[in-house]
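Worksheet: the structure to be examined is printed underneath.
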Amino acid sequence: MTNKDILEQYTAVLAECRILEKELSSLRDKGLEYVTDAVSGCPDYPPYGVRSVQIGGMAQKPSVKKRIDQLESQIEKQYKRALFWRNKAEDIISSVQTARGRLVLRYKYIEDLEWDEVADKLNDKSTMDSVRMYAKRILENL
């Protein structure tokens, strides 16, 4: 696996996390239903006697709750993967000799910016193509 592949793997795993979180967010509002139940209790004061009280509220349908739990588990695993790939990406970026080179790679692969956004952030009249080619040369020389 090349250095570029490692850097791209990190951004891909983060994209997967965002997709899973979006699905989870949409599920949280679905499958709600009003449920009721009864509980029994005895007051602390006389006349002592068991009384039944009706309670109610909104609850997730079991099938939706199960899917939410699955998604939460998948998201947790994905974030662990993302941390693994981020550490590898940070190692690659830290090995670059120039500060500008590290910035370019960080903006592109850690912050997941487009090449034109990277050029804008550098504030040095760089063009999208010049920044892209600069990053390509950096990665070839690592």
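The table below gives the values:
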quantity	calculated
Condition met for Val96 (of a type in the set (A, V, I, L, M, F, W, C), modelled with pLDDT under 90 and either open to solvent by 70 Å² or more (accessible area, probe 1.4 Å) or not in a helix (DSSP H, G or I) (or both))	no
From Pro43, Pro47, residue being part of a loop (DSSP other than H, G, I, E, B), loosely packed, with under 10 Cβ neighbours inside 10 Å and of a type outside the set (Phe, Trp, Tyr)	Pro47
Members of the range 50-68 that are within 35 Å of the chain's Cα centre (by Cα) and either open to solvent by 70 Å² or more (accessible area, probe 1.4 Å) or in contact (Cβ under 8 Å) with a residue 40 or more places away in the chain (or both)	Met58, Lys61, Pro62, Ser63, Lys65, Lys66, Arg67, Ile68
Qualifying residues in the range 1-22 (those that are touching a residue at least 40 places away in the same chain (Cβ under 8 Å) and open to solvent by 70 Å² or more (accessible area, probe 1.4 Å)) - the one farthest from the chain's Cα centre (by Cα)	Thr2
Check on Ser130, at pLDDT below 90, surrounded by 11 or more Cβ atoms within 10 Å (Cβ to Cβ), among the polar types (S, T, N, Q) and over 26 Å from the mean Cα position of the chain (by Cα)	no
Residue tally, condition more than 10 Å from Leu7 (Cα to Cα) and assigned to a helix (DSSP H, G or I), over the range 99-116	9
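The values are calculated or read from the model by the stated rules, or taken from the named source; none is laboratory data. All figures in this text were calculated on a predicted structure; none of them were measured in a lab. Glycine gets a Cβ as well: all are built from the backbone with ideal geometry, and neighbour counts include every protein chain shown. Ligands, DNA and RNA are excluded from the accessible area calculation, which covers all protein heavy atoms including side chains. Shrake-Rupley method; radii C 1.70, N 1.55, O 1.52, S 1.80 Å.
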